[in-house]
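Encoded as structure tokens, the structure appears first; notes follow it.
The values are calculated or read from the model by the stated rules, or taken from the named source; none is laboratory data. Keep in mind that what you see is a predicted model, and the values were worked out from it rather than measured. A quick note on method: Cβ atoms are made from the backbone with ideal geometry, for glycine too, and the neighbour counts reach across all protein chains shown.
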Amino acid sequence: MELGNSLAIAMKDMREVFTSVSIFGPMLGVPLFFALFLPVLTFYVSAHAAPALASRLFSIALPVAASSAKSINSASFMAFFSIYVLGPIFLTMPILTASVIAADSFVGEKERKTAEALFSTPVKNSELLLGKMLASLLPTILLTLGVFAIYGAITDYLSFSSFGVYVLPTLPWLMLLLISPFLAIVTIGIVIIVSSHVKGTKEAQQISTLLVLPVLILPFASITGFALLTASLLFYIALLLAAIGAIVVYASIRTFNKEAII
Amino acid sequence: MSLLTDNYSLYDNLTVMQNLLFFGKLYRIGAQEAGRRSMELLKLFDAQQFAQAKVYSLSRGTKQKIALCRSLLGNPKVLLLDEPTAFLDPKASSSVRKLLEHMASEGKTVIFVTQKVDEIPKFNARLLFLKGGRIVKDTTTYAFYREMARGAIVEIRLSSPISERLAKSVPGFYSSNGKSPTAISVRINSYKDINSAIAYLSARGAYVLEVDYTESIVEKFS
């Protein structure tokens, strides 16, 4: 296997994605909107409604030196909301991003009828799969890192300027970041498996984005107290996703049939 | 093996050169060599000015030229071309045919798929006729036309109109186009009959542009 061929395929796919506004526009626009808008919303709710809410609902220890009780409640609420409610929502981004790119990368070749020429080259299945996985995984990881960084920076700026405390990063928040690549890998594996059974990119995306559903349960689990997203729970989730990812990718490699996507 | 499909199989959002360099890499050609060969092929098809153009901005004919460049880039031993001249102008079509004949003379296998039966006499090659996905005839250009000449109706096209009377007096006359015909259909049984008809017309001041077998071929295989 030649790594150079895989990198060439990955570069080609990424170039294609990032020169088409119709593909990368929504893919970047929605996460960036979340990263910019949600910290401001969180801050507004924390500053105006949180003190009463926070004192009733939860108590999160924060390294606050000298602040009023009101500020503590506001900062606590902001930390809670950022990690336990919005954190899982941010986890939907690697799923959505990876599904868009992977569907375009695998099923797009079939849809645009470029697969025939690609498969007539001496490229090996392993090179092709690795290249396309990298094309989906690298932008997803970079986008997730970027969104977490922007969200964290705005949240900290607002929390420090008003409550005198940095609410991020915390260990659970970093664990959420750790989970992201595994979610992306599972998504990519599912897209590869379904790629030979679907006719278009939209079908592949719709199937793979079903993964969003279990992730969206997490904020409710936190709010209702059913399962607080502690660092240890998130670590176990990361381990579980790593195992699922390995199985899905192995299955996708075994079932990948390039003839079926011509 | 290299393949040229009827939909070109090019990446629309990439430039022509990015497409060629990408396939060059997959054909295991070094980047420098792939760049040099790509420019050579683009020049051969008079398309070097499109090297930095995005594929989506090109006409169908130019896309076809680029797809041809891509299929030739890896210097393949076997070349499968699906209607490679479908959208090319006559000059480019002729260049492509000459290049393919040259490749075939070097011992390479060139499979040229076409629906245009008037392209048949332009090759001296083995002919396979397909119908419903099955080979219905396996022959050569020479043998095919010899066979076609028996009981076929061919069209003789003229440079200028002749009188209807002259047209009807041509040996083997079958039909003509109008009262001052420029095309006459004649029934033939051998090549000799074609020569007789052409000689007859030439002797009476008519100039023959071409002899067209298309209708007979289409009829034979429909």
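Checking each residue in the stretch A:196-229 for being surrounded by 15 or more Cβ atoms within 10 Å (Cβ to Cβ), farther than 30 Å from A:E111 by Cα and hydroxyl-bearing (S, T, Y) picks out only A:S222.
Among residues of the stretch A:4-60 being outside any helix (DSSP H, G or I) and away from chain B (no Cβ under 14 Å), the one that is modelled with the highest pLDDT is A:A49.
Considering only residues in the stretch A:149-166 that are crowded, with 22+ Cβ neighbours inside 10 Å and of a type outside the set (S, T, N, Q), the one that is nearest to A:M78 (Cα to Cα) turns out to be A:F163. Within the stretch A:140-171, the residues that satisfy the criterion of being closer than 16 Å to A:L91 by Cβ and aromatic (F, W, Y) are A:F148, A:Y151. Any residue at all in the stretch B:168-178 that is more than 20 Å from B:D118 (Cα to Cα), among the basic types (K, R) and assigned to a loop (DSSP other than H, G, I, E, B)? Within the stretch B:168-178, not a single residue is more than 20 Å from B:D118 (Cα to Cα), among the basic types (K, R) and assigned to a loop (DSSP other than H, G, I, E, B). The set of residues in the stretch B:106-128 that are modelled with pLDDT of 90 or more and on the phi < 0 side of the Ramachandran plot comprises B:E106, B:K108, B:T109, B:V110, B:I111, B:F112, B:V113, B:R126, B:L127, B:L128. Checked against (1) within 14 Å of chain B (Cβ to nearest Cβ); (2) over 30 Å from B:K54 (Cα atoms); (3) not in a loop (DSSP other than H, G, I, E, B), A:M1 meets all criteria but (3). For the stretch B:24-47, does any single residue satisfy the condition of being touching a Gly at 6+ places or on another chain (Cβ under 6 Å), in a loop (DSSP other than H, G, I, E, B) and hydroxyl-bearing (S, T, Y)? Yes, the stretch B:24-47 has at least one match.
All conditions but one from (1) within 14 Å of chain B (Cβ to nearest Cβ); (2) modelled with pLDDT of 80 or more; (3) over 27 Å from B:D12 (Cβ atoms) apply to A:G108; the one that does not is (3).
Do we find that B:V55 is more than 9 Å from chain A (Cβ to nearest Cβ) and buried (at least 21 other Cβ atoms within 10 Å of the Cβ) in this structure? So B:V55 does not fit the description; no. Between B:L21, B:L26, B:L79, the distinction of being more than 27 Å from A:M14 (Cβ to Cβ), within 11 Å of another protein chain (Cβ to nearest Cβ) and not β-branched (V, I, T) belongs to B:L79 only.
The helices (runs of 4 or more DSSP H) located wholly in the stretch A:144-262 that include 3 or more residues which are at pLDDT 85 or above occupy A:171-195, A:231-255.
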